[in-house]
Amino acid sequence: MSDLATGERMPQAAPAASAPPPTPRRESAWRRRDRRWGYLFIGPQLLGMTVFVVLPFAASLVLALASWDGLSELSWVGFENFTAQFQDELLWRSIVNTLIIAVVTVPIGLGLAVVIAVALERLKTRTLYLVLFFAPVVTSTVAVAMIWQQMFRADGVLSTTIANVFGIDPPDWLGDPKLALLAVCIVTIWSSLGLNVVIFLAGLQNISPSVIEAARIDGAGAWRLFRSIRLPLLSPIVFFSSVVAFISSLQTFDTVYVLVSNAGPDNATRTIVYHIYDLGFGKFQIGPSSAASVILLLLTLVITAIQFGAQKKFVHYEDDAA
Amino acid sequence: MSLTNPSLVDGTQLPPTDSTIAISAPGYRPRAPRTGKGKRRLSQTLLHALLVVGGLAMVFPFLWMLLTSFKTLPQLLKDPLSVLPQPWTLDNYADAWNAVPFGQAYLNSLYIAALVVAGTLLTASMAGYAFARIRFRGAKVLFILFLATQMIPKQVTLIPFYLLMTQLGWVDSHLALIVPGLLANPFAVFLMRQFVLSLPKELEEAAIVDGAGRWRIFWSIILPNLKPGLAALSIIVALDVWNAFLFPLVLLNTPDLFTVPLLLSAFQGQFGSINYGLVMAASAISTIPMLIVFVIGQRRILNSMAASGLGGR
């Protein structure tokens, strides 16, 4: 037992990732074998990533600079696909719509999730609420969109209620271009709310009770506790969720494909991914579609970079305080 | 990308047990003593009132789907706002079930999800273990590359991926969903690395000193201790695969090969404008089983989602 114990201490002293065996001669042989194991262990995922992600990614960069119908010889056209895309009114409409969806759904969705998570944390029994809020997350986006299509019918329950309450004509959610985009936003918030609630609730529960207790003894009220303790301590998680939510709202497709059948009415809810899909699989324009893909990638990178730049101002890390 | 935030990336932030969310009492802390009992009850009532409104907004669309699915077409046309079906009918369910191969779609979705989950558990925990514990040349660079690929939206590769599947002859075949699904999941690798890092090193050290091979260490020491992580990963991957839409949409053409969301979307295209009671029955057929599974396993599912959300999703 004691020689095992000394064997245990050795690797702790060294910063090695794995424990070296005791004798040097065996060490080198074992190490060599071990290195091979390393490659073998990452092998399947490395192969899959190379073939199914990196290769297609490189190909999309190449195809964006080429003209190709999938059959005959590929010909280089330089940035022609991009200049054509930037002159395409549909691309701009897709970008604007996608950004509107992101800018509307991310702050509202995360804000609601924070409020609900804070409220849930103070309840004695919350299982039922958690299940209700999370139910849309386990439902496929296609089913969600179909269910909401019924909610948004001009002669449906939502429109009629609004018409009766406000004394206006029943809104035609999915027929009116502006309302259709709003409908897409509502469905997006509704279906992703539960995920963020669950994550924020877990984050709130990770806050040490002693911190809250100390603030309370100092006389902090409920609002003060939220504003000065809970929210700052939760902010790294909120920030991370906002990055993920922004990226996923830039990828909106299922909802506009199903809810307002084919990004209608008249492309009013066309998003970038729908644009890529439509060019590639509706019109079989490989080059322009690939160019649009690259534009989506650049947009994603730029927005994520902006968010990471902004985090210094709004996100509080516990290490700073300590 | 997520590495800039140590507290999120740090393996210790991923509790290996399923205690991430205390669903009831344990997470509840009594308010400060200065608050009277009556006031506390009032604030609890207010909180419940607020949450009931939110909960209703969540449940109402599902409820409306169910009510609509039991209504006859004449009732839907005559009085679209009536709440209760009159008479109640199961015809929509029978017609929807008979019109398209829902049973087949369920089988397809189930076996695709099962294979992708099982395969991902193996490949991702292997890679996660290697990145966490084995020293080999290029490990760091490769791991950063794995992380970087997470920044590429999957949709960017849609067209080349489709062309690649054409080359492989996998278009209109489940192979196009299964093989890339289980072999290329950088997030799963990242998550499993986090879970391995949270295990004590002492676990494997004795075996290493004894000269045990890495495979034996992985298989009989690491994997059994990774169970909570594997459970979390299965749930996340299963949900992802089950609900996937864009890639199946472009890759599959034969209705008998369709997954549940794909068949549902095709069904809507066919019958959507004819009878929306029928469409709601189809929606119910494709959502209710998942919701039942969720309610049964809610504790585990919610904790897994929280763990993955805190760990980098």
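Remarks
- Only residues that are under 24 Å from the mean Cα position of the chain (by Cα) and within 7 Å of another protein chain (Cβ to nearest Cβ) were counted across segment B:152-184, and they come to 10.
- The residues on offer are A:Leu298, A:Leu259, A:Leu279, A:Leu201, and the sole one that is crowded, with 24+ Cβ neighbours inside 10 Å and free of Cβ contacts under 8 Å to residues at least 40 places away in the same chain is A:Leu279.
- Yes/no for B:Gly269 being over 12 Å from the mean Cα position of the chain (by Cα), more than 7 Å from chain A (Cβ to nearest Cβ), modelled with pLDDT under 90 and within 30 Å of B:Gly169 (Cβ to Cβ): yes
- Across segment A:164-198, the number of residues qualifying as among the aliphatic types (A, V, I, L, M) and either assigned to a loop (DSSP other than H, G, I, E, B) or outside the structural domain of A:Thr105 (by TED's automatic domain parsing) (or both) comes to 2.
- Condition met for A:Ile237 (within 26 Å of B:Gly309 (Cβ to Cβ) and facing chain B (nearest Cβ under 10 Å)): yes
- If only residues of segment B:242-266 that are of a type in the set (Val, Ile, Thr) and surrounded by 23 or more Cβ atoms within 10 Å (Cβ to Cβ) are counted, the one that is farthest from the other protein chains (Cβ to nearest Cβ) is B:Thr259.
- Test: residue in segment A:265-276 that is touching a Pro at 6+ places or on another chain (Cβ under 9 Å) and surrounded by fewer than 17 Cβ atoms within 10 Å (Cβ to Cβ): yes
- Output for segment A:243-301, where each listed residue is more than 22 Å from the chain's Cα centre (by Cα), among the acidic types (Asp, Glu) and at pLDDT 90 or above: A:Asp278
- Unique match (being closer than 21 Å to A:Ser140 by Cα and of a type in the set (D, E, K, R)) among B:Asp210, B:Asp256: B:Asp256
- Scan of segment A:205-237 for residues that are surrounded by fewer than 20 Cβ atoms within 10 Å (Cβ to Cβ), β-branched (Val, Ile, Thr) and in a helix (DSSP H, G or I), ordered by number: A:Val211, A:Ile212, A:Ile217, A:Ile229
- Condition met for A:Val244 (touching a residue at least 24 places away in the same chain (Cβ under 8 Å), β-branched (Val, Ile, Thr) and assigned to a helix (DSSP H, G or I)): no
Per-residue answers, yes or no, for (1) closer than 30 Å to B:Glu205 by Cα; (2) not β-branched (Val, Ile, Thr):
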{"site": "B:Ile112", "(1), (2)": "no, no"}
{"site": "B:Ala118", "(1), (2)": "yes, yes"}
{"site": "B:Gly138", "(1), (2)": "yes, yes"}
{"site": "B:Leu142", "(1), (2)": "yes, yes"}
{"site": "B:Leu163", "(1), (2)": "no, yes"}
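- Residue match in segment B:275-296 (condition: out of contact with any helix residue (DSSP H, G or I) (no Cβ under 8 Å at 6 or more places or on another chain), at pLDDT below 90 and of a type in the set (Gly, Ala, Ser)): no
- Residue match in segment A:158-175 (condition: surrounded by 21 or more Cβ atoms within 10 Å (Cβ to Cβ), at the interface with chain B (Cβ under 10 Å from one of its Cβ atoms), in contact with a helix residue (DSSP H, G or I) (Cβ under 7 Å, 6 or more places away or on another chain) and modelled with pLDDT under 90): yes
- With respect to the stated conditions, B:Leu177 is within 30 Å of A:Pro288 (Cβ to Cβ), in contact with a helix residue (DSSP H, G or I) (Cβ under 6 Å, 6 or more places away or on another chain), touching a residue at least 24 places away in the same chain (Cβ under 8 Å) and in a helix (DSSP H, G or I).
- Segment B:204-226, residues that are within 11 Å of another protein chain (Cβ to nearest Cβ) and surrounded by fewer than 19 Cβ atoms within 10 Å (Cβ to Cβ): B:Ala206, B:Ala207, B:Asp210, B:Gly211, B:Ala212, B:Gly213, B:Trp215, B:Arg216
- A:Glu80 surrounded by 15 or more Cβ atoms within 10 Å (Cβ to Cβ), more than 10 Å from chain B (Cβ to nearest Cβ) and at pLDDT below 90: yes
- Search result, residues across segment A:119-148 that are polar (S, T, N, Q) and either surrounded by 23 or more Cβ atoms within 10 Å (Cβ to Cβ) or more than 7 Å from every other protein chain (Cβ to nearest Cβ) (or both): A:Thr139, A:Ser140, A:Thr141
- For segment A:69-76, the criterion of a residue being modelled with pLDDT of 85 or more and over 29 Å from B:Gly119 (Cβ atoms) is satisfied by at least one position.
- Breaking point among (1) closer than 23 Å to B:Phe62 by Cβ; (2) touching a residue at least 60 places away in the same chain (Cβ under 8 Å), for A:Glu121: (1)
- Test: residue in segment B:180-193 that is surrounded by 20 or more Cβ atoms within 10 Å (Cβ to Cβ), among the aromatic types (Phe, Trp, Tyr) and either touching a residue at least 40 places away in the same chain (Cβ under 8 Å) or over 23 Å from A:Phe253 (Cα atoms) (or both): yes
- Scanning segment B:70-121 for residues that are of a type in the set (A, V, I, L, M, F, W, C), closer than 30 Å to B:Lys227 by Cα and surrounded by fewer than 16 Cβ atoms within 10 Å (Cβ to Cβ) gives B:Leu107, B:Leu110, B:Ala114, B:Ala118.
- Residue within segment B:92-106 that is free of Cβ contacts under 8 Å to residues at least 24 places away in the same chain and either in a loop (DSSP other than H, G, I, E, B) or farther than 23 Å from B:Ser286 by Cα (or both) present: no
The values are calculated or read from the model by the stated rules, or taken from the named source; none is laboratory data. Just so you know, these numbers come straight off a predicted model, no measurement behind them. Don't worry about glycine lacking a Cβ; one is built from the backbone with ideal geometry, like all the others, and counts go over all protein chains shown.
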